[in-house]
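The values are calculated or read from the model by the stated rules, or taken from the named source; none is laboratory data. Small disclaimer: the values here were computed from a predicted structure and weren't measured. Glycine also receives a Cβ, built like all others from the backbone with ideal geometry; neighbour counts cover every protein chain displayed.
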Amino acid sequence: MNASEHNLTKRRLLVVDDNPANCTVLRIILGKLGFAFDMIHSGEAALVHLGTTQDYDAILMDLYMPHMDGYETTRCIRAMGGDLETLPILAITADISPDIEARVKAAGFQGYVPKPLSVKVLSDVLDEVLVPNRKKIRVLRDS
C-alpha cells in the first residue's frame, strides 16, 4: 500500500530542515505524493510555530541543524504536551551508524527515513506511521 491507496493525501505534514537542497527534494517528493505541508528551517522556529498551530498529522525532522538539532527539538515538542506527546515525528538523516534507530527512539521519534530520500521509501514510511493500527515503524530502504 502507498500514500494514495490510503487517501493520505489529505494529511498535513510539518517539515523541519535547514538545508535548502534537502528542502527542495522534500518539496518535490511530497508534491508527487500529494501531501499538504509546511516547511520550517530551524528547530527554534518549529517550536514557535507549534505553539500557535498544531494542525499536523506528522513531522519530518532533520537530525542535524545548527543551534537546536532535531533531537533537542523533538524532546522539546514532546514536552509541550497534549497531542504533541504522541504526534508522529520521523527523523530524516544520512547517519548510518548502527545505533541510529535506538538514538532516535530514545529522543522521542517514531522512526527515521534514511537519506538519500526516495519517493518509495518516504511514501512507505508515511503510510506506515499514518495508517491507523500500525504496530511498528521499521526502517525501509530501496531494494
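The table below lists the values:
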| quantity | calculated |
| --- | --- |
| Met68 being free of Cβ contacts under 8 Å to residues at least 60 places away in the same chain, under 14 Å from Ile89 (Cα atoms) and among the aliphatic types (A, V, I, L, M) | no |
| Which numbered condition Asp38 misses (of (1) of a type in the set (Asp, Glu); (2) loosely packed, with under 14 Cβ neighbours inside 10 Å; (3) part of a strand (DSSP E or B)) | (2) |
| Residue list for segment 57-86, filter: at pLDDT below 95 and hydroxyl-bearing (Ser, Thr, Tyr) | Tyr64, Thr86 |
| Test: Ile89 is without any contact (Cβ under 8 Å) to a residue 40 or more places away in the chain, crowded, with 16+ Cβ neighbours inside 10 Å and closer than 18 Å to Leu13 by Cα | yes |
| Pairs with Cβ under 7 Å, 6+ apart, first in segment 45-58 and surrounded by 17 or more Cβ atoms within 10 Å (Cβ to Cβ), second of a type in the set (Ser, Thr, Tyr) | Ala46/Thr73; Leu47/Thr73 |
| Test: residue in segment 5-26 that is among the charged types (D, E, K, R), at pLDDT below 95 and part of a helix (DSSP H, G or I) | yes |
| Long-range neighbours under 8 Å by Cβ, at least six apart or interchain, first residue among the charged types (D, E, K, R) within segment 10-29, second surrounded by fewer than 18 Cβ atoms within 10 Å (Cβ to Cβ) and part of a helix (DSSP H, G or I) | Arg11/Leu130; Asp17/Cys23 |
